[in-house]
Amino acid sequence: MISYENKLILAPMVRVGTLPMRLLALKYGADLVYTEELIDWKFLRSKRRNNDILKTVDYVDQTDGTIVFRTCDTEKDKVVLQLGTCDAERALKVAKLVENDVAAIDINMGCPKEFSIKGGMGVALMANPERALSILKTLVNNLSIPVTCKIRIFETQENTLKLVELLVSSGIKAISIHGRTRDERPQHAVHTDIIRYVAENVSIPVIANGGSKEIEKHGDIYKFKELTGCTSVMLARAAEWNCSIFRKEGLLPIDTVIKDYLKLAVDYDNSPSNTKYCVQNILRELQETPRGKQFLECQTLEQICAIWDLGEYCQEKQSQYQKMGIQGRWQVTPDELEPPHKKSKVMDQIEVEGITQMKVCFIRANFNDLNLPKVRLHEWAGKNGHKLPTYDTQQVEKLFRTILTFNGKKYTSSFWEKNKKFAEQGAALVCLFHLGLTTEDELKKVGSIMK
Ligand code: FNR
């Protein structure tokens with residue numbers, strides 16, 4: 001069972017807190033690492049799989065093959081899964097799924113984004129303490145691992161303490177407090193006094209958060225800890241910008257951090273887009289330099305790695321993984337996808353006369369950024385002097401289908417996709433097939449033809 005005393009913690013950060021960054025934080029000295037916030041209902045669409053090649057446990061979204069959560073043994077006793085939820089039963093279902101793969105579960109009660117608030121999650125739970133309490137109680141009473149939550153502060157210390165006392169009554173093992181109110185933004189000063197007041201008045205460990213603006217070197221973490229009177233400190237932006245902030249020996253140059261990060265991204269077959277996002281957040285204003293601009297042009301992991309002299313490392317690792325049978329990220333076959341019956345019903349209502357159609361679904365995980373159907377089609381059109389195709393997307397309820405027009409002909413996939421981008425790619429696959437630029441066998445290989 002993990003303890004929350006005297007810990008340096010990587011905060012939950014959407015898109016940043018994926019496996020490579022968590023492992024990097026641990027390598028540099030973090031004691032605990034939080035995942036990015038994972039939304040309960042999205043998580044429930046996933047299936048657990050052992051990835052024998054990477055030696056990871058993957059939770060794979062069954063609707064598109066993307067990886068919702070990837071974890072490995074190195075972090076097993078140190079990773080805290082943060083959930084976005086507004087519902088005790090759903091939260092428990094997810095927690096039960098992952099109970100044996102993570103060290104603890106945290107509930108996000110501090111996110112002020114519209115998406116969260118509208119869904120009754122994040123800070124919305126601070127305005128609905130009874131619901132917040134019931135979620136925590138349900139988890140505490142039914143799980144074998146610790147449960148915690150992360151909140152923001154109210155305007156007064158008394159109101160903040162009142163809420164914390166109520167939440168503590170659920171049996172949670174610790175509470176993280178971001179010392180800003182729901183309307184304050186990162187540039188506002190952090191209210192260390194309110195965090196301190198709560199820490200002095202509750203019986204469980206309080207984890208101080210919100211100090212990154214003043215944390216430029218490792219020693220500053222302890223100043224923040226002292227100011228807040230907390231036992232543990234959680235860092236988001238300071239770690240996002242330079243993860244070696246966790247090193248007690250001192251900060252490393254960002255090129256070293258990027259290299260260390262990229263090796264992990266390659267080792268764990270992280271997606272190029274997520275890798276790029278994380279490196280962008282390390283580079284920040286350096287994206288304006290010639291090398292930064294070159295980096296922004298990159299689309300594959302290998303191209304990114306080459307800038308930091310790791311091109312060969314990436315190539316070797318990727319070909320090793322390919323030989324072992326990995327193909328991009330998870331190969332998902334249509335049989336494993338959600339049954340398409342709901343989609344077919346919608347499809348039947350639409351007239352498709354004069355349109356070449358096939359039932360092809362676009363499975364993002366089976367493509368890399370360079371062989372996306374649209375990229376291939378546009379490249380071919382360019383090389384052969386054709387005008388680029390146009391895309392017209394229809395939406396019915398929450399499903400999308402695109403009619404692609406190319407050289408006066410119309411193409412579509414009768415498989416309704418969950419977003420516009422995927423629908424366009426699906427239509428592009430149909431067009432590629434009819435132009436003879438991809439074969440049925442190839443389509444089957446990427447698992448795209450639906451029965
Ligand atoms: C965040 N934050 C956040 N908080 C949370 O509870 N769940 C999340 O998924 C995220 N996502 C996220 C992404 C990014 C890019 C940033 C910068 C922040 C908030 C974060 O955990 C923290 O509370 C604040 O950033 C304040 O702490 P720092 O940055 O001052 O250390």
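Some points to look at:
- Only one entry of Lys317, Lys359, Lys323, Lys343 meets the criterion of being modelled with pLDDT of 50 or more, surrounded by 14 or more Cβ atoms within 10 Å (Cβ to Cβ) and over 25 Å from the mean Cα position of the chain (by Cα), and that entry is Lys359.
Here is a yes/no grid of residues against (1) outside the structural domain of Gln322 (by TED's automatic domain parsing); (2) part of a strand (DSSP E or B); (3) within 27 Å of the chain's Cα centre (by Cα):
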| position | (1), (2), (3) |
| --- | --- |
| Leu370 | yes, no, yes |
| Trp380 | yes, no, no |
| Gly385 | yes, no, no |
| Gln394 | yes, yes, no |
| Ile403 | yes, yes, no |
| Gly426 | yes, no, yes |
| Phe433 | yes, no, no |
| Thr438 | yes, no, no |
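- Qualifying residue in the range 258-279 (condition: out of contact with any Phe, Trp or Tyr (no Cβ under 7 Å at 6 or more places or on another chain), farther than 28 Å from Glu37 by Cα and not acidic (Asp, Glu)): no
- Top-ranked residue of the range 76-88 - restricted to ones that are crowded, with 22+ Cβ neighbours inside 10 Å and not in a loop (DSSP other than H, G, I, E, B), ranked as farthest from the ligand (Cβ to nearest atom): Val79
- One residue alone among Glu158, Glu165 is touching a helix residue (DSSP H, G or I) at 6+ places or on another chain (Cβ under 9 Å) and without any contact (Cβ under 8 Å) to a residue 12 or more places away in the chain, and that residue is Glu158.
- Residue check for Tyr28: under 25 Å from Lys137 (Cα atoms), within 16 Å of the ligand (Cβ to nearest atom), touching a residue at least 60 places away in the same chain (Cβ under 8 Å) and not polar (S, T, N, Q): no
Residue-wise test of (1) basic (Lys, Arg); (2) surrounded by fewer than 22 Cβ atoms within 10 Å (Cβ to Cβ); (3) away from the ligand (no atom under 12 Å from the Cβ); (4) at positive phi.
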{"site": "Asn6", "(1), (2), (3), (4)": "no, yes, yes, yes"}
{"site": "Leu10", "(1), (2), (3), (4)": "no, no, no, no"}
{"site": "Arg15", "(1), (2), (3), (4)": "yes, yes, no, yes"}
{"site": "Thr18", "(1), (2), (3), (4)": "no, no, no, no"}
{"site": "Glu37", "(1), (2), (3), (4)": "no, no, no, no"}
{"site": "Phe43", "(1), (2), (3), (4)": "no, no, yes, no"}
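- Test result for Asn50, away from the ligand (no atom under 16 Å from the Cβ), part of a loop (DSSP other than H, G, I, E, B), surrounded by fewer than 22 Cβ atoms within 10 Å (Cβ to Cβ) and among the polar types (S, T, N, Q): no
- Summed over the range 1-43, the residues that are within 15 Å of the chain's Cα centre (by Cα) and assigned to a loop (DSSP other than H, G, I, E, B) give a count of 11.
- Here Ala95, Ala132, Ala91, Ala124 are screened, and the one residue that is under 21 Å from Pro186 (Cβ atoms) and assigned to a helix (DSSP H, G or I) is Ala124.
- Out of Ala265, Ala306, Ala236, sole residue that is outside the structural domain of Lys150 (by TED's automatic domain parsing) and touching a residue at least 40 places away in the same chain (Cβ under 8 Å): Ala265
- When Ala239 is tested against the conditions (1) in contact with a Phe, Trp or Tyr (Cβ under 8 Å, 6 or more places away or on another chain); (2) away from the ligand (no atom under 16 Å from the Cβ), the lone failure is (2).
- Among residues of the range 95-131, those that are crowded, with 16+ Cβ neighbours inside 10 Å and either touching a strand residue (DSSP E or B) at 6+ places or on another chain (Cβ under 6 Å) or closer than 15 Å to His178 by Cβ (or both), counted: 20
- For the range 142-161, the count of residues that are within 28 Å of the chain's Cα centre (by Cα), more than 16 Å from the ligand (Cβ to nearest atom), assigned to a helix (DSSP H, G or I) and polar (S, T, N, Q) is nonzero.
- Scanning the range 90-125 for residues that are more than 10 Å from the ligand (Cβ to nearest atom), touching a Ser or Thr at 6+ places or on another chain (Cβ under 7 Å) and not hydrophobic (A, V, I, L, M, F, W, C) returns Glu99, Asp101.
- Pick from the range 242-266, criterion among the charged types (D, E, K, R) and under 20 Å from Phe295 (Cβ atoms), ranking: nearest to the ligand (Cβ to nearest atom): Asp260
The values are calculated or read from the model by the stated rules, or taken from the named source; none is laboratory data. Since the structure is predicted, the reported quantities are computational estimates derived from the model, not experimental observations. When we count neighbours, we look across all protein chains shown, and the Cβ atoms used for this are built from the backbone with ideal geometry, even at glycine.
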